[in-house]
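Readers should treat all values here as calculations from the given coordinates under stated rules, not as data from a laboratory. The structure presented is a predicted model; accordingly, all values stated were derived computationally and were not measured. With ideal geometry, Cβ positions are generated from the backbone for all residues, glycine too; neighbour counts draw on all protein chains shown.
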Amino acid sequence: MQVPFEVWRQNYLPQHFISWCYGKLSHCQIPWFKNWAIQRFIRLYGINMQEAIEQDATAYPSFHDFFIRHLKPELRPVDHTPNAVCAPCDGVISQIGRIENGTLVQAKNHSYSVSALLGGDIDPKPFQNGHFTTIYLAPKDYHRVHMPCLGTLERMSYLPGDLFSVNPLTATHVDQLFARNERVVSLFKNQEGPFAMVLVGAMIVGNIATRWAGHISSQRNKEPLHIQYPQTQEQHIVLDKGEEMGYFSLGSTVIMLFAENLRWEKEYSQDSRIVVGQRIGQFLP
């Protein structure tokens with residue numbers, strides 16, 4: 001398969017330097033510059049500012065603050081049906097289905113392992129024949145990530161890596177894309193068992209942030225970072241279904257892994273559009 005130039009050139013671009021430059025520009029608070037960047041982005045991607053809590057585009061201190069804007073909660077109602085698993089973000093499902101003997105589908109003719117995705121510190125065994133979904137967030141999407149269900153945080157791993165774009169074209173041509181790119185892996189548990197949320201970085205994604213660790217990026221962490229969190233009643237970190245768990249500074253990908261006791265809703269498949277809070281699956285009794 002011939003690799004498109006748009007994908008091929010990414011092998012030779014200074015991915016981290018470009019991302020660092022974008023991060024600096026996105027935090028610029030010079031009024032004329034940040035207002036120009038925000039207005040241009042709104043026009044380019046058709047952003048509906050009526051959905052935002054702060055609808056005045058000039059009120060955001062920087063492009064970064066605009067990009068991670070909060071939406072009106074009533075526009076993303078959470079399905080609180082018992083056992084329901086909800087969409088963690090706005091985006092398009094690029095893959096959804098079973099994990100076959102520890103292998104996930106990336107795109108046609110491309111696969112990767114649970115072990116490689118999780119990075120070696122988190123045990124992949126509970127997910128060997130479980131279920132997964134990969135959700136692509138385009139630049140126009142809401143970029144805060146929420147909990148699909150109740151969860152107690154057990155471990156977090158930051159895994160430095162490449163910063164290839166994660167759009168569908170790149171996913172079709174770059175082997176092991178999601179296991180190669182910089183990412184943050186969060187392992188949770190609840191009464192149904194363990195589940196993992198993987199936030200994958202990409203070209204010009206300035207930062208990945210979580211509620212409990214703040215901003216995490218290769219600019220601050222050159223080596224893998226593994227943290228185990230306390231499980232005592234007084235110190236544990238518990239997040240409810242629909243509660244925010246983190247955000248991206250630009251378009252990227254969220255991958256969710258579950259054990260075998262889950263079923264995806266039949267109406268959701270590859271290329272389905274989803275929004276935060278929609279029921280996309282359920283835990284089985």
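Points to keep in mind about this one:
- Elements of type strands (runs of 3 or more DSSP E) contained in region 207-281, each with 1 or more residues being surrounded by fewer than 18 Cβ atoms within 10 Å (Cβ to Cβ): 214-216, 225-228, 244-248, 262-264
- Region 240-251: number of residues that are in contact with a Gly (Cβ under 6 Å, 6 or more places away or on another chain) and among the aliphatic types (A, V, I, L, M): 0
- The residues of region 113-167 that are within 13 Å of Leu257 (Cβ to Cβ), touching a Gly at 6+ places or on another chain (Cβ under 7 Å) and surrounded by fewer than 18 Cβ atoms within 10 Å (Cβ to Cβ), listed by number, are Ser113, Ser115, Gln128.
- Output for region 128-176, where each listed residue is out of contact with any helix residue (DSSP H, G or I) (no Cβ under 9 Å at 6 or more places or on another chain) and hydroxyl-bearing (Ser, Thr, Tyr): Thr133, Thr152, Tyr158
- Comparison of Ile93, Ile47 shows that the only residue that is in contact (Cβ under 8 Å) with a residue 60 or more places away in the chain, assigned to a loop (DSSP other than H, G, I, E, B) and either within 21 Å of the chain's Cα centre (by Cα) or surrounded by 15 or more Cβ atoms within 10 Å (Cβ to Cβ) (or both) is Ile47.
- Once region 50-90 is narrowed to residues that are aromatic (Phe, Trp, Tyr) and free of Cβ contacts under 8 Å to residues at least 60 places away in the same chain, the residue that is farthest from Leu199 (Cα to Cα) is Tyr60.
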